[in-house]
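Student: My questions will all concern the structure given below.
Please treat every number below as a calculation from the coordinates, not as lab data. Worth saying up front: this structure is predicted, and the values here are computed from it rather than measured. When we count neighbours, we look across all protein chains shown, and the Cβ atoms used for this are built from the backbone with ideal geometry, even at glycine.
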Amino acid sequence: MKPDNGECFEAEFEIPFEEEKDAVKVIQVIGKKDESKKTMMSVKREGKKVEIEIKAVDFSSLRAKSTTLLRDLKAVLDTLSLIRKEATESLKKKADSI
């Protein structure tokens, strides 16, 4: 990614999690690095926190990449929540049947 006019638009996100394994899953799904002609995204984890940095050649590219990232994050978090709910219900049913 190389800005045409030398300018670079940036956004940074810090997302804390209750459990470190959730932060690990987010990194596995979203990836650690993503680069195109107009944007570059880097993702890293520090303990229970995921840090994401997006750089773009123009504001509309930054907005588009940020929107995509937030949608992907929501999908991952919704999936993790559903898995936890199903696991909890399954364990409860097993405990009730004993």
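Student: From the residues Ile83, Ser66, Gln28, which one has its Cα farthest along the dipole of the chain in the positive direction, the dipole being from +1 and -1 charges on Cβ of Lys/Arg and Asp/Glu about the Cα centre?
Tutor: Of the candidates, Ile83 comes out farthest on the positive side.
Student: Given that compact globular proteins tend to follow 2.2 N^0.38 Å, what is the ratio of the alpha-carbon Rg of region 23-67 to that value?
Tutor: My calculation over the Cα atoms of region 23-67 gives 1.19.
Student: Report the residue, chosen from Ser42, Ser61, Ser81, that carries the largest GNM mean-square fluctuation when the chain is represented by alpha-carbon nodes joined by springs under 10 Å.
Tutor: Ser81
Student: From the mean inverse distance of alpha carbon pairs (Kirkwood) and the Cα radius of gyration, derive Rg over Rh for the chain.
Tutor: Looking at the chain, the ratio lands at 1.17.
Student: What angle do you read, to the nearest 10 degrees and between 0 and 90, between the alpha-carbon axis of helix 20-30 and the longest principal axis of the chain?
Tutor: 50 degrees
Student: Helix 59-97 versus the longest principal axis of the chain: what angle, 0 to 90°, nearest 10, using Cα atoms?
Tutor: Helix 59-97 and the main axis of the chain meet at about 10 degrees.
Student: Suppose every K and R has +1 on its Cβ and every D and E has -1 on its Cβ; what is the size of the dipole of the chain about the Cα centre, in Debye to the nearest 20?
Tutor: The dipole of the chain has a size of about 360 debye.
Student: Can I ask one more? Label points 7 Å out from Cα along the Cβ direction at Asp96 and Glu14: separation in nm?
Tutor: Once both label points are built, they end up 4.3 nm from each other.
Student: Once you have the Cα-Cα distance between Glu46 and Thr79, take 0.36 nm times their residue separation minus that, and quote the gain in nm to one decimal.
Tutor: 9.7 nm
Student: What are the ³J(HN,Hα) values, in whole Hz, obtained from phi via the Karplus relation 6.51 cos²θ - 1.76 cosθ + 1.60 with θ = phi - 60°, for each residue of region 11-17 in sequence order, with x given for Gly and Pro?
Tutor: So the J values, rounded to whole Hz, are 9, 10, 10, 10, 10, x, 10.
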